[in-house]
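Colleague: Starting off with a structure, shown below.
The values are calculated or read from the model by the stated rules, or taken from the named source; none is laboratory data. Since the model is a prediction, treat every value here as computed from it, not as a measurement. Glycine gets a Cβ as well: all are built from the backbone with ideal geometry, and neighbour counts include every protein chain shown.
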Amino acid sequence: SVQQFGAQGVFNVTRGEEQLPEALISQLSERRREIVPLLLLNRDEDNFSDEPLDSTWDTTVWDKIARGASRASVDGMGCDSLVDMQALEVLGSGYTKLVVKANLVGGMAVALKLVNEQGIDMGKCLEEFDEPEACRELVAYKLKKEMVLLKRLQHPNVIGLRGHCESQRRAAGAEGGRLAVILEQGTPLQMIQLLQSPWEDRFKVCLDLVHLLHFLSRSPLGSVALLDFQPRQFVMVSGTLKLTDLDDISAELTHCRAGTDCTLLFPQRNFTVPCVRGVCEGLNQKRNMYNAYRYFFTYLLPHQAPPTLTHLVDHIMNSTGELKGDINETVQAFEELLAQYQSGAHLHNLPAAELTDYLLLRRVGGSGGEYRCWLSYSAQGCVLSVHSPREAAHICNSHSQCSSFSLTGQRTWSGRLLASFRSSSAQLGPDNTSDMYVKKTTVSVSPSL
Ligand SMILES: Nc1ncnc2c1ncn2[C@@H]1O[C@H](COP(=O)(O)OP(=O)(O)OP(=O)(O)O)[C@@H](O)[C@H]1O
């Protein structure tokens with residue numbers, strides 16, 4: 001761009017697109033072209049591909065997107081929503097994008113996705129062309145593609161699109177083409193933290209992932225593969241796993257002449273899927289499933305699974321790790337595991353007599369006497385999820401420090417009860433929200449009760 005000196009100091013005046021290096025023009029055009037098929041799903045967009053893909057193209061695209069928005073009744077927020085927003089803080093960044101946290105006027109918390117000026121994508125383009133504005137525009141196409149995909153692939157396990165704000169392209173004296181995509185806010189997935197979470201929460205992440213893969217296997221775009229499948233492409237929103245990085249996905253079919261053309265290559269394993277009527281059958285779906293196995297299930301599922309459910313967990317590990325079943329069978333296996341876990345049927349073998357070792361004190365709570373236990377829901381004390389008082393009694397009996405436990409009616413996502421376990425130094429007192437079970441051998445009920 002040409003540097004000019006004016007009353008407001010130095011600013012950039014953008015050159016017309018035709019003056020940019022040819023290689024950069026062709027990359028811009030290629031990025032625009034990538035978005036076209038994603039927009040061509042509605043009948044009213046039949047003739048869209050005939051339009052020239054020059055710099056006026058954006059207006060047409062955003063028109064289409066805005067019209068899509070009114071139909072889908074999402075993406076309602078625009079630049080106005082970002083006026084006077086507060087408390088920007090970086091949530092994450094990658095090769096292409098920077099994600100910041102913003103509190104909008106009215107208190108709504110959102111995530112803004114922007115071009116990462118310090119990212120690898122931007123760096124490469126600048127190194128090659130030294131055209132900051134055009135490079136930003138080139139990188140912003142990945143954000144635009146992601147926006148279109150977020151609209152096409154709406155699902156509870158895909159991050160919600162709230163809107164977008166784009167500064168006027170190439171306005172005189174201003175840097176144009178700055179784009180902020182407004183998303184629901186999540187927290188980046190922390191694998192280390194997840195590994196230290198209760199099995200139930202780790203199972204939920206895997207269950208959410210399976211539901212997402214099921215949707216992607218038959219999405220409005222066809223069967224979609226996540227090409228860059230890593231935990232960092234996901235965030236958690238109120239305990240639900242959501243996919244947030246969609247710029248690197250493919251809905252393409254792989255054509256073949258024989259099964260040998262349909263090989264999935266992974267670092268440790270290769271798989272071949274059948275070639276059916278010239279197309280590799282289920283290739284995208286299987287690629288996603290094996291990635292789910294190697295990045296998620298192996299770490300999250302077997303460790304500390306309820307002993308009586310390990311046969312179901314083993315079955316899932318085996319069928320996904322060997323790609324034996326399809327995604328429908330995998331969803332079924334997960335649902336079966338969930339149903340068993342929720343029903344408590346797996347606990348029938350627990351000794352029935354254990355609960356009789358405890359005295360039930362209704363509307364009594366405890367304070368003090370906290371001790372820490374592995375995979376607790378609370379960092380201070382021992383809080384675990386249980387199916388019933390009977391299971392809690394079994395757990396209490398297995399902890400040497402435990403002499404009582406209380407149930408407050410608080411439940412986990414799957415409906416199990418949260419139980420707080422305490423040692424004999426706990427003080428008991430009236431509490432309308434809690435029932436206390438005290439080991440009869442240690443009972444010393446205070447006179448106030
Ligand atoms: N809605 C969100 N809420 C909170 N954090 C988010 C959100 N979306 C993304 N992030 C965080 O920002 C990071 C970067 O986002 P994203 O993955 O879209 O960028 P990218 O440049 O495509 O990354 P990569 O180099 O991994 O492909 C993510 O890894 C995630 O931790």
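Colleague: Cβ-Cβ below 7 Å, separation at least six or inter-chain, first residue in segment 301-312 and part of a loop (DSSP other than H, G, I, E, B), second among the small types (Gly, Ala, Ser): which pairs?
Modeller: Taking only residues 6 or more apart or on different chains, not a single pair turns up.
Colleague: If you check every pair at least six apart or on different chains, which have Cβ atoms under 7 Å apart with a residue in segment 323-350 that is charged (D, E, K, R) first and a residue that is surrounded by 15 or more Cβ atoms within 10 Å (Cβ to Cβ) and assigned to a loop (DSSP other than H, G, I, E, B) second?
Modeller: Short answer, once both residue conditions are applied: ASP326/GLY282.
Colleague: Scan segment 106-120 and tell me whether some residue there is assigned to a helix (DSSP H, G or I) and at pLDDT 95 or above.
Modeller: Yes.
Colleague: Test SER197 against the stated conditions and say whether it is away from the ligand (no atom under 16 Å from the Cβ) and either farther than 28 Å from PRO306 by Cβ or at pLDDT 95 or above (or both).
Modeller: On the way: away from the ligand (no atom under 16 Å from the Cβ): yes; either farther than 28 Å from PRO306 by Cβ or at pLDDT 95 or above (or both): no.
Judged against the criteria, SER197 is not a match.
Colleague: Against the condition assigned by TED's automatic domain parsing to the domain that holds ARG269 and at pLDDT 95 or above, how does THR308 come out, does it pass?
Modeller: On the way: assigned by TED's automatic domain parsing to the domain that holds ARG269: yes; at pLDDT 95 or above: no.
No.
Colleague: Same structure again: State all residues of segment 370-404 that are among the hydrophobic types (A, V, I, L, M, F, W, C), closer than 14 Å to ARG416 by Cβ and not in a strand (DSSP E or B); if no residue qualifies, say none. Steps first, answer last, please.
Modeller: Keep residues of segment 370-404 that are among the hydrophobic types (A, V, I, L, M, F, W, C), which gives 373-375, 379, 382-384, 386, 392-393, 395-396, 402.
Next, from what is left, pick out any that are closer than 14 Å to ARG416 by Cβ: 375, 383-384, 386, 392, 395.
Result: LEU375, ALA392, ILE395.
Colleague: Would you confirm, using the coordinates I've provided, whether SER420 is surrounded by fewer than 17 Cβ atoms within 10 Å (Cβ to Cβ), of a type in the set (Gly, Ala, Ser) and in contact with a strand residue (DSSP E or B) (Cβ under 7 Å, 6 or more places away or on another chain)? Working first, answer last.
Modeller: Values: surrounded by fewer than 17 Cβ atoms within 10 Å (Cβ to Cβ): no; of a type in the set (Gly, Ala, Ser): yes; in contact with a strand residue (DSSP E or B) (Cβ under 7 Å, 6 or more places away or on another chain): yes.
No; evaluated as a whole, the condition is false for this residue.
Colleague: Related question: With the requirement that a residue be out of contact with any strand residue (DSSP E or B) (no Cβ under 9 Å at 6 or more places or on another chain) and either within 15 Å of the ligand (Cβ to nearest atom) or without any contact (Cβ under 8 Å) to a residue 12 or more places away in the chain (or both), what does segment 81-103 give you?
Modeller: Of everything in segment 81-103, those that are out of contact with any strand residue (DSSP E or B) (no Cβ under 9 Å at 6 or more places or on another chain) and either within 15 Å of the ligand (Cβ to nearest atom) or without any contact (Cβ under 8 Å) to a residue 12 or more places away in the chain (or both) turn out to be GLY94, TYR95.
Colleague: Output the number of the condition that LEU253 fails; it satisfies all remaining conditions of (1) assigned to a helix (DSSP H, G or I); (2) away from the ligand (no atom under 16 Å from the Cβ).
Modeller: Every listed condition holds for LEU253 apart from (1).
Colleague: Cβ-Cβ distance below 9 Å, separation of 6 or more or different chains: which pairs start in segment 208-229 with a residue that is outside any helix (DSSP H, G or I) and end on one that is surrounded by fewer than 18 Cβ atoms within 10 Å (Cβ to Cβ) and small (Gly, Ala, Ser)?
Modeller: Close Cβ pairs (under 9 Å, with a partner that is surrounded by fewer than 18 Cβ atoms within 10 Å (Cβ to Cβ) and small (Gly, Ala, Ser)) amount to VAL224/SER250; ALA225/SER250; LEU226/SER250; LEU227/SER250.
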